[in-house]
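This report refers to the structure that appears directly beneath it.
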Amino acid sequence: MPIHKNSIIPLTIESLSSDGSGVAHYEGKAVFVPATAPGDVLNARIVKDMGRYAFGIAEEMLQPSPAHIEPDCPVCKPCGGCCFRHLDYETEARAKQSFVEDAFRRIGGLDTPVLPILPSPLEERYRNKVQFPVGLDANGHVIAGFYAGRTHRIVPCADCKLQPEELNQIAAFVCEFMESHGIAPYQEETHTGLVRHIFLRKGWHSGEILVCLVVNGRKLPHAQELCAALIEQFPAIRSIVLNVNRQKTNVITGLENISLYGPGYIEDTLCGVPVRLGPLSFYQVNTPAAEQLYGVARQFAQLQPGDTLLDLYCGMGTIGLSMAADCRELIGVEIIPEAVESAKLNAAAMGAQNARFFCADAGKAAAKLASEGLRPDVVCLDPPRKGCDEATLNAVIAMGPRRIVMVSCNPATAARDCRYLADRGYKPLRAQPADLFPRTKHCECVIELVKQAD
């Protein structure tokens, strides 16, 4: 029987798609159903028929899978941030490993061995950063929470289980202070109001907390009173900052920071590398899992004492600096000026005199270094979700390193880029998935590539 919108059909969920939906088949057609688990038997209502595949919602659960658990967050469905909160963690981890395997096989056309996934040391309370949009509820009360999927409607969340309870408590405290002192949240429809986001960081090892209020202006009423109240209530706070964002934009932070209390940053360590974290610093949000990930990258690099390591897309330099003791010279390249300055400070703080960093586009910098005759022994690539561009990959190939280590937050673009490198003499030996974002659909992986003999 052909299916159409509002058809109700019986399904058995077979697997999970990379966006977190359950996948079933009905008369040969794939049907995607969110918030389901492999093994669920249900009746689904079709909400969209795309011809070769369709989308449905669970209408009636007939027999839940043993992997299907009751979500422990009251707002996980409207929030949408935790697409796997209805699964046991073992099933989630297996699904993420399959995402990497599928990407390398289907997108890359590669038979690269995919190692068993490294699960996160923590399934809950692992995030060291949170950005709460601020607004008003239907009764005019100040709220903080998260945007519902594909909207700018704020879902209030008193206790997000992905981040430390203390950060949730600070957000609630700031909202109460705003309401009692008449400080208006920002309204993007009219570009009025003041406080746009509450941005919080906590050092995993240090315990230090940064409070940053993103504001549509350069001043905050009752600022010193707020600082005194926050410090008294939360002694771990080391810095309180205003970030100025007066633009009509969806970008969360602006470029100007005004320190209200403390040095304007917090300090922490990652793989033994000292780091300073301000509002604009890029930093992995799950410190224990990131330390596992970077440990694999260091293992795959197989550096020798006389080697030169080129770290492209180096950010604050943490990956390269975690390997600096293994090589003769570390060269880091990053396009964001603030990150480059942070990398230099981090190198100085740990006494890494063999490290140098400069600010440039990765592709252009790699091409320039290649033209100058730089021949790094190992290249580390840590690109954004869109992956590497061909200019960067071609420049790396021209340098002829014996080994490339790719750290990727997107298995699809990693598989595509590995295919490009494989066709030009670099064999992907193995891929190591790692879960840095439990309860979400995201999965990281590290890939080891070696130069084949000419």
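Among residues other than W204 with Cβ under 12 Å from its Cβ, the summed charge is +1 (Lys and Arg +1, Asp and Glu -1). Other residues within the sphere of radius under 10 Å centred on the Cβ of A391, judged by their own Cβ, net out at -2 (K and R +1, D and E -1). Mean residue ellipticity, 222 nm, helices only, the chain: the sum of -39500 (n - 2.57) across DSSP H runs of n ≥ 4, divided by residue count and rounded to 500, is -7500 deg cm²/dmol.
Its Cα centre serving as origin, the range 3-67 has a Cβ charge dipole (Lys and Arg +1, Asp and Glu -1) of approximately 220 debye. Each label was represented as a point 7 Å from its Cα along the Cα-to-Cβ direction; for L374 and R105 these points are 3.9 nm apart. With protein chains left intact and a 1.4 Å probe, residues in the range 88-184 average 47 Å² of accessible area per residue.
Projecting label points 7 angstrom from Cα along Cα→Cβ for H141 and A228 puts them 2.8 nm apart. Put a plus charge on the Cβ of each Lys and Arg, a minus charge on the Cβ of each Asp and Glu, and nothing anywhere else: the dipole of the range 42-176 about its Cα centre is then about 600 debye.
Look at [x] 69, 63, 35; [y] 67, 54, 40; [z] 67, 66, 36: the one that is Cα extents along the principal axes in Å derived from this structure is [z].
Quote the relative contact order of the chain in percent (integer), defining contacts as alpha-carbon pairs under 8 Å separated by 6+ residues. Rounded, it is 13 percent for the chain. Among the GluC sites (Glu not before Pro) within the range 157-201, those in coil by DSSP and having at most 10 neighbouring Cβ atoms inside 10 Å are E189. Residues I57, I209, ordered by accessible area of protein heavy atoms at a 1.4 angstrom probe radius and largest first, appear as I57, I209. Excluding Q163 itself, calculate the net charge of residues whose Cβ lies under 10 Å from the Cβ of Q163, where each Lys or Arg counts +1 and each Asp or Glu counts -1. So the environment of Q163 carries a net charge of +1. With the simple spin-label model, which puts each label point 7 Å out from Cα in the Cβ direction, the E166 to M61 separation comes to 3.6 nm. Taking the Cα centre of the chain as reference, the dipole from Cβ charges on Lys and Arg (+1) and Asp and Glu (-1) amounts to some 1020 debye. Between A236 and E27, the FRET efficiency from the beta-carbon distance, with R0 = 51 Å, is close to 0.30.
The values are calculated or read from the model by the stated rules, or taken from the named source; none is laboratory data. Just so we're clear, the structure is a prediction, and the values are computed from it rather than from any experiment. So basically every Cβ, Gly included, is an ideal-geometry build from the backbone, and we count neighbours across all protein chains shown. The area values use the complete protein model at the heavy-atom level, side chains included, leaving out ligands, DNA and RNA. Shrake-Rupley method; radii C 1.70, N 1.55, O 1.52, S 1.80 Å.
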